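Worksheet: one structure, shown below.
The values are calculated or read from the model by the stated rules, or taken from the named source; none is laboratory data. These numbers were taken from a predicted model, which means no experiment stands behind them. Glycine also receives a Cβ, built like all others from the backbone with ideal geometry; neighbour counts cover every protein chain displayed.
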């Protein structure tokens, strides 16, 4: 058979990979350019963080024109890591551009949405490396430039990292590494984070085929580099993985009908039981499924979740 058409791995509904290495993504990504949005006053532009690996990001600047100290006003900085199962989506997609814009318009923070490298072309830990590189880049530019927005308006003492689903997993790993290397940021927001392990951690009953499928897909996105109980996907293992988390505050949100629910709850409980000295809070949306807030942004519960994130960033 032709290796370009012979299936190697079926990661439906996300993608197919063939034996030649060719990847066919089954969900298209609709890209939108950076621009100024008159309806919100938000201006966006794209930057290159590391040309050696092609790491880029989209910066979001809220409207601060009504402030008499607009030229020197310092704002919290949110580093956002998009979801997509480690294999889909982009910081430049209409899907995440719209979500981050909505968040920024309400929170009035400066944001950096990271376009990390995707698996399987770049298996984990590539995305972990990219997110940590982005974190260091933001802190450096807030303190000494040369990026004009971050240098002029970014408050290096109020840097947050956030991500949804797989992006939540990536954000956690970046902040965990930051702590190990002596870097501490203000806060971490994990929206329905992708955590897993060989055995269930809570009250959930998960079908064996789902447990097996999750282990296989994890092996696929990391090319066998980490097993399903490795701390990067199961941080509820060695306690020291949580004790050194490099932030002061954590907000985790979960959904009642999400398979990741109990893992998110266990993450917060683990933080509280560890020697980590920060504040951790949990919010659960009853009756909802995984990342419902992305597809039902105007629903009452999605609005409530957004309000919690905004309050967390502005506290």
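Would you be able to say whether some residue in region 199-217 is touching a strand residue (DSSP E or B) at 6+ places or on another chain (Cβ under 8 Å) and free of Cβ contacts under 8 Å to residues at least 24 places away in the same chain? Among the residues of region 199-217, not one is touching a strand residue (DSSP E or B) at 6+ places or on another chain (Cβ under 8 Å) and free of Cβ contacts under 8 Å to residues at least 24 places away in the same chain, which makes the answer no.
Could you please give the count of residues in region 291-302 that are surrounded by 14 or more Cβ atoms within 10 Å (Cβ to Cβ) and over 15 Å from the mean Cα position of the chain (by Cα)?
Here the count works out to 6.
Against the list (1) crowded, with 18+ Cβ neighbours inside 10 Å; (2) part of a strand (DSSP E or B), the condition residue 90 fails is (2).
Restricting attention to region 216-243, and to residues there that are crowded, with 18+ Cβ neighbours inside 10 Å and over 19 Å from the mean Cα position of the chain (by Cα), which single residue is nearest to residue 200 (Cα to Cα)? Among residues in region 216-243 that are crowded, with 18+ Cβ neighbours inside 10 Å and over 19 Å from the mean Cα position of the chain (by Cα), the one nearest to residue 200 (Cα to Cα) is 228. Taking region 220-310 as the region of interest, the helices (runs of 4 or more DSSP H) fully inside it that hold 2 or more residues being over 24 Å from residue 105 (Cβ atoms) and in contact with a helix residue (DSSP H, G or I) (Cβ under 9 Å, 6 or more places away or on another chain) are 240-243, 261-273.
Listed by position, the helices (runs of 4 or more DSSP H) enclosed by region 122-199 that each have at least 1 residues that are within 30 Å of residue 219 (Cβ to Cβ) and modelled with pLDDT of 95 or more are 126-144, 166-180.
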